[in-house]
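Here the structure is laid out as structure tokens; the discussion comes afterwards.
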Amino acid sequence: MQQEALQEIRDASTLDALQAVKTRYVGKSGLVTRELGSLGKLPPEERKARGAEINAIRQAIDTALTERESVLKREALDQKLASEAIDVTLPGLPLPAGGLHPISRVYDDLIAIYQRMGYEVAEGPEVEDEHYNFEALNIPWYHPARDLQDTFWLEESSTGLNGPSEPGAAPAPSVPRLLRTHTSNMQIRYMIDHEPPLKMVSRGKVYRYEATDATHESMFHQLEGLVVGPNISMSDLKGTIAEMARGLYGPSAKVRFQPSYYPFVEPGADFAVYWDNPRGESKWLELGGCGMVHPNVFKAVDDLREQAGKERVYEGMTGFAFGLGPERIAMLKYKIPDIRYFYANDPRVLGQFRGELG
Ligand code: FA5
């Protein structure tokens, strides 16, 4: 029986199997236990020797059980640890990749085209003083052109426009502020800080208080361009816009200018781009406004420079400016039928631009 028990203990490959062997031999009604229980039925002279023998067997079985148990426990622990181990060399789980917004892509294309032509990139504020957005651009308060760009004005009651910011404080200077209605404010800001000759482009958000539809948003983007020097002409302007069109749509792109009115340029024009799209979807795309910088704008800039203790350097200068909406380009390029899709944050739209950066 001892041989059999020891063999079964060696063969037990799990703790459960070992427990079964233990129960079978030394459990309450196990084989060895029963043998011990039947000692009383033996004649007293045999009892002692038999008792010693069975106890030795029990001892051997107990020792073997304890040893096997500790081996199996260690194996089980090793297995558990192995199953929980992390292989730090495995590649990580992929996260959904972001992508550049279609407007950012169009901007990047435009900026690259102008940087190739030597333009500097400038940035300016979206919350703007009325003076930079309108007044210095030859749009005085009574000018009907202010109605063309319906404006979000800031109430600013807390900053002093309608009273002091806190009891006893001096009222803040009464400069009406607004969300800029175009990026043309950057013409003024850039000329105050820089002397001619200069070439500048500036991108950014603009805001208009108008009803939205498929081609109009109340928040949209513009790219402004400004070139100033001693002998800049309308043909430089046309050549520049044509170069941009070729950069965007390839060598067959054409541009069209139509007379238009903006108070800060004279003469002024709207421009459209046409390109031979191989899919047969060619059409004129109205992109923006442009023109030769109005002398009143140069004068207003010189006045502002003088107030800031700088030299007057713009009188007698020539220059051109343009402003265009990248949304129009992106709508056509990416076949997005409604401008509002750009800003609705709908993953079904923006998800199409995931992954490819540019
Ligand atoms: C202007 O804003 C002038 N500042 C452009 C300019 C700059 C003229 C320099 C002369 C010299 P306009 O309001 O037309 O112009 O807007 C320019 C372009 O912005 C439009 O051609 C159009 O592409 C885009 N745009 C205008 N309003 C909206 C709108 N609500 N939603 C989307 N795009 C618009």
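The values are calculated or read from the model by the stated rules, or taken from the named source; none is laboratory data. Just so it is clear, the structure is predicted and the values come from calculations on it, not from any experiment. Positions of Cβ are generated from backbone atoms using ideal geometry, with glycine treated the same way; all protein chains shown enter the neighbour counts. Protein only, heavy atoms only, side chains kept; ligands, DNA and RNA dropped before computing areas. Shrake-Rupley method; radii C 1.70, N 1.55, O 1.52, S 1.80 Å.
Points to keep in mind about this one:
- As a summary of the residue check, PRO267 satisfies the conditions (1) open to solvent by 20 Å² or more (accessible area, probe 1.4 Å); (2) in a loop (DSSP other than H, G, I, E, B); (3) within 22 Å of PRO140 (Cα to Cα) except for the one numbered (2).
- Condition met for LEU178 (closer than 14 Å to ARG208 by Cβ and at pLDDT 60 or above): yes
- In region 100-114 there is no residue matching the filter, namely being over 45 Å from the mean Cα position of the chain (by Cα), without any contact (Cβ under 8 Å) to a residue 60 or more places away in the chain, surrounded by 16 or more Cβ atoms within 10 Å (Cβ to Cβ) and assigned to a helix (DSSP H, G or I).
- Check on ALA60, open to solvent by 50 Å² or more (accessible area, probe 1.4 Å), free of Cβ contacts under 8 Å to residues at least 60 places away in the same chain and part of a helix (DSSP H, G or I): no
- Check on THR181, within 11 Å of the ligand (Cβ to nearest atom), assigned by TED's automatic domain parsing to the domain that holds TYR314 and surrounded by fewer than 21 Cβ atoms within 10 Å (Cβ to Cβ): no
- Applying the condition of being more than 14 Å from the ligand (Cβ to nearest atom) and part of a loop (DSSP other than H, G, I, E, B) to region 195-208 and asking which residue is nearest to ARG116 (Cα to Cα) yields PRO197.
- Test for PRO251: is it at pLDDT below 95 and surrounded by fewer than 22 Cβ atoms within 10 Å (Cβ to Cβ): yes
- Residue ID - nearest to GLU327 (Cα to Cα), chosen from residues in region 229-248 that are within 13 Å of the ligand (Cβ to nearest atom) and open to solvent by less than 40 Å² (accessible area, probe 1.4 Å): ILE241
- Here GLY51 meets the list (1) assigned to a helix (DSSP H, G or I); (2) under 60 Å from the mean Cα position of the chain (by Cα) almost entirely, failing just condition (2).
- So LEU77, is it under 30 Å from PHE353 (Cβ atoms) and open to solvent by 70 Å² or more (accessible area, probe 1.4 Å): no
- The number of residues in region 308-358 being open to solvent by less than 20 Å² (accessible area, probe 1.4 Å) and within 13 Å of the ligand (Cβ to nearest atom) comes to 14.
- Residue satisfying all of: in region 276-302; away from the ligand (no atom under 12 Å from the Cβ) and open to solvent by less than 30 Å² (accessible area, probe 1.4 Å); modelled with the lowest pLDDT among these: ASN277
- Scanning region 249-264 for residues that are of a type outside the set (A, V, I, L, M, F, W, C), within 11 Å of the ligand (Cβ to nearest atom) and assigned to a loop (DSSP other than H, G, I, E, B) gives TYR261, TYR262, PRO263.
- Qualifying residues in region 209-228 (those that are closer than 27 Å to PRO295 by Cβ and not small (Gly, Ala, Ser)) - the one farthest from the ligand (Cβ to nearest atom): VAL228
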